[in-house]
1. Any idea which of B:180, B:195 is under 20 Å from residue B:77 (Cα atoms) and without any contact (Cβ under 8 Å) to a residue 24 or more places away in the chain?
2. State which residue is farthest from the other protein chains (Cβ to nearest Cβ) when the search covers only region B:24-53 and only residues that are surrounded by fewer than 16 Cβ atoms within 10 Å (Cβ to Cβ) and within 19 Å of residue B:131 (Cβ to Cβ).
3. Checking the structure you have, find out if any residue of region B:102-121 is assigned to a helix (DSSP H, G or I) and within 14 Å of another protein chain (Cβ to nearest Cβ).
4. Among (1) at positive phi; (2) touching a strand residue (DSSP E or B) at 6+ places or on another chain (Cβ under 6 Å), which single condition is residue A:573 missing?
5. Restricting to region A:358-396, give me the number of residues that are outside any helix (DSSP H, G or I) and either touching a helix residue (DSSP H, G or I) at 6+ places or on another chain (Cβ under 6 Å) or on the phi < 0 side of the Ramachandran plot (or both).
6. If you go through region A:616-638 one residue at a time, how many are exposed (fewer than 15 other Cβ atoms within 10 Å of the Cβ), farther than 20 Å from residue A:147 by Cα, facing chain B (nearest Cβ under 10 Å) and touching a helix residue (DSSP H, G or I) at 6+ places or on another chain (Cβ under 9 Å)?
7. Of A:129, A:141, which residue is modelled with pLDDT of 95 or more and within 14 Å of chain B (Cβ to nearest Cβ)?
8. Give me the helices (runs of 4 or more DSSP H) completely within region A:397-495, filtered to those with at least 3 residues that are in contact with a helix residue (DSSP H, G or I) (Cβ under 8 Å, 6 or more places away or on another chain), outside the structural domain of residue A:538 (by TED's automatic domain parsing) and more than 22 Å from residue A:90 (Cβ to Cβ), ordered by residue number.
């Protein structure tokens, strides 16, 4: 009996690596500390009531962003391990198999469990406030989306200590990811972790699309929407067309592995290229999914901090929608070398280059917005300004990669690695940081410390260029991606050392940000204005942090920058100094629900069962999922009203007029 | 503090409040778009792989049209009866509504029964999920449609229970509209299945 348990444990848990034992211990200690802390401070009920069951978009947004920052830490540690391994030729820090796992999880975590939730967090915090809505269209579904994402991410991360991590690359091309070559549970963790969180992403896309189409404040026509809301709209359109493809592709790979199918196998008539086409039909739109909201964030910030209206609003909208459309016709540029023929390659090369045109339009619009503006260099603006050169270089190298004949030279080389990190860090990460700094006061009611933020900013920026500029050269020198080591005589040594130094500088920058957040919480100064940046849009007309019902009185909008116009009118004496006392009405609110977290936990159980081929557990999990759906369908809870007197009291105390 | 809302004051609209049924209808239409993409991807996979029989049987060797034609007529009829259910609802006749839903359910269940029988038959003939890329993509595409229909059947039972308990109100009316939309959608998908998989298979 004991022998059996021992044998099971040695296969179930990942063993034999001191790094992983270290991780085991730290995970166990952190878990114990959290459980003990919650119990000691009697916070379980508080946690359940206020956070785990909440349907409030603002709280869900904060949970998304928190999860994204934790995942950024995990993905960042992966990155540092890889750069450490590559610092010196023939270095033996990670075994090749372990290196494969690390680059796989780094990619998956950063794109799907860092960028996506960071983005959804900002959607949640900002969009309803920006369009003057009380909540999103489907608050329950919103909570469900978050928990599906979160438990999907947890399932994926579990592979680190249980069963073994996936190691077939972040998109897991077959035949390497098929059962024949990858029999362990790692690949199943990949499939189910992404599948579960992907369903959540799809639901979020539907939810925000309906929210934006149906719930805008009176007077806010589509062409009066704030630019960030437009970017969310464009992103959601891409999500609803792209994510089903991901769902199907992962399901097909699962059927191959679990049911003995022949979609992508080498035998039985399967076609691995089919997978590669399908996954990039999702994967390429996916990179536009994460970059478009960053464009929206920059548009907001650049106009507020230049104290001007956004230059070229209409062209911005068109540029965004054109990018959303063309993004579906570029996927094959990820495999020009696979022999689709000159005609196909020419089509995809041209469609890829076309994207540079609307993107260029946007860059010029931001520059012209800054032109003759009175620019303030607060943290959000600093990140925006840093984004522009980073993205121009990244974009230009992207066009170089789009030249199909030339791509045969640098396909899958470090040139590519440098390119996509430049657009994903320089574009997406800088953008989300800018957004986080900009909307932080709206989320928590205080600003993040400026000095620490500047330290972090410079470390990020210098580290970023030191890390990735050498990689362009390494790519041209012939270094390919995913090599775990190289020889002295390749001549790649010096540039790799430099690149590693850059990676560690970014690591230090992240530490500065962590300190910044902790410090700012401790020494926070409450913002009493609600409009700390002298901004333009509706979210800044209400107190910070926003009350649970957002707007006591639904605002009426007649311009693109309603708050900005109102402030100008007020200054010109065209509006009374003080508004007449508003007449409050009862506000309808959705009730909290425990179903989303339970539903997602059952999904997690099902995924775990499938991962280990424990059918009983998978069936149990799926039965739980169905039971939750039944309970939800039969439930007739329709929320509650906040009485008018209570709204009045809350408003008075938040606005300091009690 | 908060006051509970009673069931019947649902219909009234307060200032700036959005009609939840209208939101749900739009949300469901968008969901159907995602389902179109889902089936589109499966169709594309099938079309690419359907000649890869790897020495196993090909389409015109395994498909038997009589059963498929019967399935088609049953499903089309069920789409019609689900439409009659909505008409009964619009007349406010809850008994007729439930009756038509039950008819729709029975036809849907018959469809699933025939499909399962067809699958069992195919497996007995030696044409199973792992035979070839053709068989894998066939079972996945047709099976996914069947799974959708089965989910719809389960949902219909829940709806019949709710209707018999609560009658026709804003919430149940929204749900009936949504499920009827879903049912028509599955019907349309079946027409494509019939044409692309079966008719082109035996041609």
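1. It is B:195.
2. B:47
3. Yes: one or more hits.
4. With respect to (1) at positive phi; (2) touching a strand residue (DSSP E or B) at 6+ places or on another chain (Cβ under 6 Å), residue A:573 is out only on (2).
5. Residues meeting the conditions: 7.
6. Qualifying residue count, region A:616-638: 2.
7. A:141
8. none
The values are calculated or read from the model by the stated rules, or taken from the named source; none is laboratory data. In this text, all values refer to a predicted model and were calculated from it rather than measured experimentally. All Cβ positions, glycine included, derive from the backbone under ideal geometry; neighbour counts span all protein chains shown.
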